[in-house]
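Input: a single structure, listed below in structure tokens.
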Amino acid sequence: MERKLVPWKSETIKSGQKYGRYTILSLHKVKGTYKYLALCQCDCGSEPHYVQTGQLRNGDSGSCGCLHRERVTKHGAWNHPLFARWVNMMDRCYDPKCQAYSRYGGRGITVCEQWHNVQNFIADMFESYKKGLQLERIDNNKGYSKENCCWATPKQQSKNRRSTVFITFQGKTLCIKEWAHTVGIPFKTLWQRLRVLGWDVERALTTPPLD
């Protein structure tokens, strides 16, 4: 059965607005439903087509698919296990229509210049990757780079998002950064030992780092 569209007006989304590469041409409602659609024109010049307004607002749809095709053509890594992680990282930092942008790019989180090329990202991070792991920034106030990133399980990510973790050893309590400086172990190494590998405090703080 063909759906019947009727004109619709909204206070928050209007004709002429831009959402990613889309420009809204007109707004419609599927008669007898609560389904709202926007007729959109993509910047690439493809034929206008209808997109659900909720997808536009949430940043779930920002082009007709041309952006993904360009990434695939340019980098040739579309079927690599890390490609989707790279796309998500770049969108969070540089696409204002991404639902998570306010927590990343919106507060100054960026991706290091080298990782703007997906092949460099793969070269740096694939060796330590395992299926099911998610990309984690060690210092949440710094951007994405080899020095500030590792892989973590969703449970570890949730735990690491809490306030600064303090460690007590031999009667002394310091945060991980302070312990790294005190014992002369790189912060990333110490963080991975404690938060990713699950080492006990004594082993993490007393085992010399590998050269």
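The values are calculated or read from the model by the stated rules, or taken from the named source; none is laboratory data. Note that the structure is predicted; figures quoted are calculated from it, not measured. Neighbour counts run over all protein chains shown; Cβ positions are idealised from the backbone, glycine included. Just the protein is used for accessible areas: all its heavy atoms, side chains included, with ligands, DNA and RNA removed. Shrake-Rupley method; radii C 1.70, N 1.55, O 1.52, S 1.80 Å.
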Point-to-point label distance, Gln114-Trp199, nm (Cα→Cβ direction, 7 Å offset): 2.3
When each of Lys9/Lys31; Lys18/Lys146; Lys9/Lys97; Lys131/Lys188; Lys35/Lys131 is checked by Cα-Cα distance, pairs over 25 Å: Lys18/Lys146; Lys35/Lys131
Residue with peak Gaussian network fluctuation, the chain [Cα springs, cutoff 10 Å], from Arg92, Arg137, Arg21: Arg21
Extended-chain gain in nm, criterion 0.36 nm per residue less alpha-carbon gap, Lys130 and Lys146: 4.1 nm
Residues of the chain: accessible area per residue with a 1.4 Å probe, Å²: 62
Carbon + sulfur, % of accessible area of segment 88-211 - ligands and nucleic acids excluded, 1.4 Å: 48
Any cysteine of the chain lacking a neighbouring Cys Cβ under 4.7 Å - listed by number: Cys40, Cys93, Cys98, Cys112, Cys149, Cys150, Cys175
Accessible surface of segment 1-45 [probe 1.4 Å, protein heavy atoms]: carbon and sulfur percent: 55
Of the DSSP H helices in the chain, those whose Cα atoms cover at least 15 Å axially and whose Kyte score averages -0.5 or more: 83-94
